[in-house]
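See below for the structure under consideration.
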Amino acid sequence: MRILFLADNYPPESNAAASRVHERAALWVQEGHEVTVITSAPNFPEGKLYAGYRNRLVQRERIDGVDVIRVVTLIMPNKGVYLRIADFLSYMVFSTLAGAFLRRPDVVVATSPQFFCAVAGWMVSKLKRRPFVFELSDLWPASIRAVGALKNRRVLRWVERMELGLYRKSTQIVALTGAFREDLVSRGIDPAKITVIRNGVDGSRYSPGPKNVELARKLGLEGKLVVGYIGTHGMAHALEGVLEAAELLRDDRRVAFLLVGTGAKREELLRKRDERGLSNVVMLPSQPKESIVEYWRLCNVSLVHLKDDPVFKTVVPSKIFEAMAMGLPILFAGPEGEASSIIEQEGCGVCVPSERPQVLADAVLHLLEDPELVSQLSAASARAAKDQTRQQQATEFLAVLRPIAGRQSAEPSKQVSSKESTLV
């Protein structure tokens with residue numbers, strides 16, 4: 001089967017979408033399928049081009065057997081929704097143009113959260129006269145409304161109309177959560193065309209292991225209960241509440257907070273941490289994917305934090321599955337919804353309301369003073385990870401693609417040679 005996948009983010013970017021799309025595509029290639037991904041030059045999340053790359057009209061490379069085509073975009077820092085939308089629109093235009101010149105695939109897939117990527121996928125599917133699958137990983141634009149990033153009601157209504165139109169035009173929708181499916185059905189989308197495939201984790205990359213004692217000593221974390229948040233520092237995560245909880249615990253030398261990542265709110269969070277003199281909060285920039293496990297292993301508890309807004313009842317952050325694979329208890333601070341239900345069902349963590357610093361601080365102290373509970377939650381987390389693998393997700397996704405790919409799915413896969421891989 002020849003699969004054409006459109007994704008705005010892709011390795012060496014290491015955010016959840018990039019990892020999900022790449023790890024799954026690499027598994028499909030191992031099973032004999034031909035996968036091409038149209039993406040942009042790596043620049044997320046800071047809007048700065050990664051070393052070794054140029055923002056050229058078209059550039060092509062092969063990563064783990066996946067044919068990766070990078071198109072030019074308006075690379076913008078993540079400092080305003082309209083700048084980001086300009087970036088998204090440029091990707092939509094140039095990825096559509098690139099897709100028009102590619103060999104005809106059996107099926108076209110595009111992923112959110114920014115649905116202009118899905119618009120491009122739908123347009124390419126029309127040009128190639130092939131079925132279109134929309135992978136829904138975020139209710140965008142509902143999420144940008146929830147964080148107040150876009151307040152223009154006219155623009156929001158226009159975007160929402162486009163969103164609903166895409167759902168209706170899709171041959172199939174793959175939703176990452178059951179709550180996404182319920183939302184779409186409530187808005188009139190045919191439930192028969194929606195399949196729920198929950199996110200997963202690459203167990204070969206994330207696994208429990210000993211702490212790096214030297215690194216822990218260097219960061220001042222030795223001998224402490226380390227509550228770790230590893231991921232994007234964005235508007236949806238309300239990490240100001242974590243700083244307030246840390247301030248409540250500043251005199252307890254047994255506890256430290258480790259925040260690793262970058263995002264639109266990181267500089268503001270750094271400034272607030274320094275202004276308050278929170279020596280119990282260690283903040284580090286994003287780390288290479290190859291070494292991120294070392295930082296996970298510094299943690300005793302994995303913190304998942306979301307803004308207190310109903311739209312975030314529907315999301316299941318990927319760091320939940322990463323924490324499971326690391327065998328870490330999860331401290332979830334967010335609206336009661338699908339994510340909290342998974343944690344409670346698996347018995348692998350503690351759930352508290354979001355944006356309640358005192359409640360969060362109390363939960364940390366509870367875990368500190370009950371090591372037996374921490375041990376029980378850790379064991380449950382490791383058990384739960386066995387049912388949340390990337391391989392399982394890749395297999396379920398293929399089961400969606402095969403029936404709709406038509407007769408072309410029966411054609412033998414032909415790997416593109418290096419000589420054939422020049423796009424003109």
With respect to the numbered conditions (1) modelled with pLDDT of 95 or more; (2) under 30 Å from residue 183 (Cα atoms), which one is the sole condition not fulfilled by residue 311?
(1)
Considering each residue of the range 357-405, count those that are open to solvent by less than 40 Å² (accessible area, probe 1.4 Å), modelled with pLDDT of 95 or more and not in a helix (DSSP H, G or I), and give that number.
0
Residue list for the range 104-141, filter: open to solvent by less than 30 Å² (accessible area, probe 1.4 Å), assigned to a helix (DSSP H, G or I) and not charged (D, E, K, R)
115, 116, 117, 118, 119, 120, 121, 124, 125
Can you say whether residue 14 is part of a helix (DSSP H, G or I) and farther than 24 Å from residue 103 by Cα, as far as the supplied structure shows?
no
Filtered residues of the range 79-103 (kept if part of a loop (DSSP other than H, G, I, E, B) and either in contact with a strand residue (DSSP E or B) (Cβ under 8 Å, 6 or more places away or on another chain) or buried (at least 23 other Cβ atoms within 10 Å of the Cβ) (or both))
102, 103
Could you tell me whether residue 246 is modelled with pLDDT of 95 or more, surrounded by 23 or more Cβ atoms within 10 Å (Cβ to Cβ) and closer than 27 Å to residue 384 by Cβ?
no
Given the conditions (1) in contact with an Asp or Glu (Cβ under 7 Å, 6 or more places away or on another chain); (2) part of a helix (DSSP H, G or I); (3) surrounded by fewer than 18 Cβ atoms within 10 Å (Cβ to Cβ), report the number of the one that residue 241 does not fulfil.
(3)
Considering each of 213, 185, 201, 159 in turn, give the residue that is over 21 Å from the mean Cα position of the chain (by Cα) and closer than 21 Å to residue 236 by Cβ.
159
Examine the range 194-204 for a residue that is of a type in the set (Gly, Ala, Ser), crowded, with 17+ Cβ neighbours inside 10 Å and more than 22 Å from residue 116 (Cα to Cα), and state whether such a residue exists.
yes
Filter the range 278-294 down to the residues that are charged (D, E, K, R) and either in contact with a Lys or Arg (Cβ under 6 Å, 6 or more places away or on another chain) or free of Cβ contacts under 8 Å to residues at least 24 places away in the same chain (or both) and list them by number.
290
Inside the range 210-228, can you point out the residues that are in contact with a helix residue (DSSP H, G or I) (Cβ under 7 Å, 6 or more places away or on another chain), surrounded by fewer than 16 Cβ atoms within 10 Å (Cβ to Cβ) and in a loop (DSSP other than H, G, I, E, B)?
222
Of all residues in the range 54-76 being part of a loop (DSSP other than H, G, I, E, B) and open to solvent by less than 50 Å² (accessible area, probe 1.4 Å), which is farthest from residue 126 (Cα to Cα)?
76
List, please: which pairs have Cβ atoms under 6 Å, are six or more places apart or on different chains, and start with a residue in the range 113-128 that is of a type in the set (A, V, I, L, M) and at pLDDT 95 or above and end with one that is outside any helix (DSSP H, G or I) and open to solvent by less than 10 Å² (accessible area, probe 1.4 Å)?
120/6; 124/108
Right, residue 181: assigned to a helix (DSSP H, G or I) and open to solvent by 60 Å² or more (accessible area, probe 1.4 Å) or not?
yes
Can you name the residue in the range 65-98 that is in contact with a Pro (Cβ under 9 Å, 6 or more places away or on another chain) and at pLDDT 95 or above and, of all such residues, is farthest from residue 24 (Cα to Cα)?
70
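The values are calculated or read from the model by the stated rules, or taken from the named source; none is laboratory data. As the structure is a prediction and not an experimental result, all values here were calculated from the model. Ideal geometry is used to build each Cβ from the backbone, glycine not excepted, and the neighbour counts take in all protein chains shown. SASA here: full protein model, heavy atoms, side chains in, ligands and nucleic acids out. Shrake-Rupley method; radii C 1.70, N 1.55, O 1.52, S 1.80 Å.
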